[in-house]
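Here's the structure we're looking at; comments come further down.
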Amino acid sequence: GRDLAGRPWPLQIKSFGAYTTPLYHWHSLPAIQAMGLTIFSTRFAAAFSGTVACLGIYLLGRAWASEKLGLMGALFLSISPWHLLFCRWANQGILMTLYIPLALWATWRLLLSTSEDRSKLLGWVMVSGLFWALAANTYEPARLFVPLFMIAILLIQVVFSPNRRSDAARLLMAGLISVAVASPFVVDIFMKWETT
């Protein structure tokens, strides 16, 4: 729960003179706690995240087209050389591959939810916003890519969806949840701008 400088639960990890996002470190804590600080326990978070990312691709492909496409997408991701490298190497970039497909899937489910079941609709708003916030804080490039991607999804829905008002309202609510969850990270970056 501390970085190399000894700071407890930092929102930015100082590691060998550079700052990085803390999510991979946080993801690796249960394995390190259970197995001790070993190469295997450190890399376990990447392997597990890469495996669950295949599930995320499957869910997304199944939701968008068919179960066959979902399985094919998961297969292709699982044998992708870059994916295998990131699954093996204890690097935070694998979390982008995990959270972006899950965020897209949850957003798709949000847009398909009926207005009659308010609790289900609110649940998908929360899940979508949480996954987008996690995706934005997985890796430094994601901090730029994810908000732009979310804006692109909103614009596409507003222009092309027959339910543009409803879709826009749902996406804006998920975006607000995402901003609320990610705000401590953003505030920490701006408060420590010189070092980060």
Based on the alpha carbon coordinates of segment 106-196, what radius of gyration and maximum Cα-Cα distance (Dmax) apply, in Å?
-> 14.3, 49
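When every alpha-carbon pair in segment 1-124 is counted, what percent end up more than 24 Å apart?
On the way: 3154 of 7626 pairs.
For segment 1-124, the share of Cα pairs beyond 24 Å comes to 41 percent.
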Accessible solvent surface per residue of the chain, calculated while the other protein chains remain in place, 1.4 angstrom probe, Å² = 58
Could you tell me what percent of the accessible area of the chain is made up of carbon and sulfur, with a 1.4 Å probe and every protein chain present?
-> 72
In whole Å, how far is the Cα centre of segment 68-84 from that of segment 101-139?
-> 23
Give the cross-link partners of Lys120 among the aspartates and glutamates, using a straight C-alpha distance below 20 Å as the criterion and excluding same-chain residues fewer than 8 apart.
-> Asp167
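Kindly provide the helix-only [θ] at 222 nm of the chain, computed as the sum of -39,500 (n - 2.57) over DSSP H runs of four or more divided by all residues, to the nearest 500 deg cm²/dmol?
Values: 8 runs with 145 residues, N = 196.
The helix-only estimate for the chain comes to -25000 deg cm²/dmol at 222 nm.
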Order Trp82, Trp89, most accessible first, counting only protein heavy atoms with a 1.4 angstrom probe.
-> Trp82, Trp89
One finds, for Glu116 and Leu155 with R0 = 22 angstrom and r their Cβ-Cβ distance, a FRET efficiency to the nearest 0.05 of 0.20
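The values are calculated or read from the model by the stated rules, or taken from the named source; none is laboratory data. All values derive from a computational prediction rather than experimental measurement. Backbone-built Cβ (ideal geometry, glycine too); neighbour counts: all protein chains shown. Ligands, DNA and RNA are stripped out before the accessible areas are found, and what is left, the full protein with its side chains, is counted by its heavy atoms. Shrake-Rupley method; radii C 1.70, N 1.55, O 1.52, S 1.80 Å.
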